[in-house]
Amino acid sequence: MTKGAPPDNVGAVMADANPNITDEPAENAAPGGLRKIIHIDMDAFFASVEQRDDPSLRGLPLAVGSATGRGVVAAASYEARKFGVRSAMPSQRALRLCPDLVFRMPRFDVYRDISRHIRAIFADYTPIIEPLSLDEAYLDVTADMRGIGSATRIAELIRERIRSELNLTASAGVSYNKFLAKLASDQNKPDGLCVIRPGEGAQFVAGLPVRRFHGVGPRGAEKMARLGIETGEDLRARPIEVLREHFGSQADYLYRAVRGIDLRPVQAHRRRKSLGGERTFAHDISSGPALRETLDRIVDIVWDRIESANAHGRTVTLKMRFADFTLLTRARSVEHVVESKTDFARIGHALLDELLPLPQPIRLMGLTLSSLEGADEAPETVEGAPAANGTSDSRNAQLSLF
Ligand code: TTP
Ligand code: MG
Ligand code: MG
């Protein structure tokens, strides 16, 4: 399908699909009928913002992130993607693929402002908004509170407003559940729209590679490949028992998803499960004083986040990644909640002291508070620290750092 293709194109794809594969719209029904879900995702988000604000970057292969040391690409412009440059790729590798790649450091404050702005636009159409990261969200527009008439029209209005108010483009997926809406928003990127109508879900999913499914990470996709599962159709052919054996708690979700069924509601106020932060060092460290000082700096940043989220948690986890990339985590829980920054730091240091002297230097340290009781609304944000020495955000789902 071409970008911005009219929704009818979906029908065209469906026409040659296997007629025996049908999903059951009724299975997706919420009380009162099928839901109408929109998934919106900004195009090449950080990179587009940099190109918007610096015209000299337009049309160039651009990576947002640090080019030096262990930097990774946070975002790649569509020009850079032609060379195979992708998010989460080490910058050095990206430069080998695209020697003319231009780098810019991320400006999280700007991205956060834009994120707030797009959420305000969404809120004009529905109160049921579930942000997944700074640049994307699910919207439940079943109620059509402004009487616009169709979810597709609402998605178009939102895309137009993002373009006119922010001078940026977003892609939208419209469907009757979250799983399909998210697949659809990716379908015609950039600046595209795709609608998957009731009854079309299973056929749509059948032809897609499993790595495009939300929840199937690169490792999950590799595991599926080893089992001979490349597409939605392959996955659908496997009995639930087999999926349970290999994919545990995810099996039921996958089993239903490939049938176009997903009952998860759009959750406007998702509970945060943990809050933390971590640092990757430009040079590995191992000395006690350097480790303690680093831990104090992480405590400062993470405790700020804990306070601003009004979070109360019982478990503190220290995480370290050694020079050889092996990972070590140590956790301790208190009976009630970690009351103060001093307590938080004390537990962190106790966990660290027990591990000293380290068997080898570390390249990363992180500290998290979990078993949270009452954190405020908790969209996962994407604020990975591509730069060496940056402090990243454990809420970063896409880099899945914690
Ligand atoms: P995505 O929406 O995954 O990607 P994107 O907006 O850059 O491109 P697309 O057009 O395919 O949607 O992520 C949004 C932003 O999150 C991205 O611009 C930078 C940041 N990010 C990271 O910092 N690390 C990552 O690994 C990924 C995937 C994204
Ligand atoms: Mg995006
Ligand atoms: Mg996104």
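When segment 103-138 is filtered for residues that are more than 16 Å from ligand 1 (Cβ to nearest atom) and buried (at least 16 other Cβ atoms within 10 Å of the Cβ), the ones remaining, listed by number, are ILE121, TYR125, THR126, ILE128, ILE129. Could you please find all residues in segment 247-269 being without any contact (Cβ under 8 Å) to a residue 24 or more places away in the chain and surrounded by fewer than 17 Cβ atoms within 10 Å (Cβ to Cβ)? Once the filter is applied, which keeps residues that are without any contact (Cβ under 8 Å) to a residue 24 or more places away in the chain and surrounded by fewer than 17 Cβ atoms within 10 Å (Cβ to Cβ), segment 247-269 yields GLY248, SER249, ASP252. Residue pairs whose Cβ atoms lie under 8 Å apart, separated by 6 or more positions or on different chains, with the first residue in segment 281-295 and in contact (Cβ under 8 Å) with a residue 12 or more places away in the chain and among the aliphatic types (A, V, I, L, M) and the second part of a helix (DSSP H, G or I) and surrounded by 14 or more Cβ atoms within 10 Å (Cβ to Cβ), are ILE285/LEU291; ILE285/THR294; LEU291/LEU352; LEU295/ALA345; LEU295/GLY348; LEU295/HIS349; LEU295/LEU352. Just to be sure before I move on: is ARG197 touching an Asp or Glu at 6+ places or on another chain (Cβ under 6 Å), in a loop (DSSP other than H, G, I, E, B) and modelled with pLDDT of 95 or more in the structure I sent? So ARG197 fails the test.
Mind listing just one residue for me: the one in segment 259-288 that is of a type in the set (Asp, Glu) and touching a helix residue (DSSP H, G or I) at 6+ places or on another chain (Cβ under 8 Å) and, of those, modelled with the lowest pLDDT? Filtering first and then ranking leaves GLU278.
Within segment 315-368, the residues that satisfy the criterion of being among the polar types (S, T, N, Q) and outside any strand (DSSP E or B) are THR326, SER340, THR342, GLN360. With respect to (1) outside the structural domain of GLY199 (by TED's automatic domain parsing); (2) outside any strand (DSSP E or B); (3) under 21 Å from the mean Cα position of the chain (by Cα), the lone exception for ARG292 is condition (3). Those strands (runs of 3 or more DSSP E) of segment 76-171 in which 2 or more residues are at pLDDT below 95, in contact with an Asp or Glu (Cβ under 9 Å, 6 or more places away or on another chain) and under 26 Å from LEU183 (Cβ atoms) occupy 129-133.
The values are calculated or read from the model by the stated rules, or taken from the named source; none is laboratory data. Model, not experiment: these values are computed from the prediction. Neighbour counts are summed over all protein chains in view; Cβ atoms, including those assigned to glycine, are modelled from backbone coordinates with ideal geometry.
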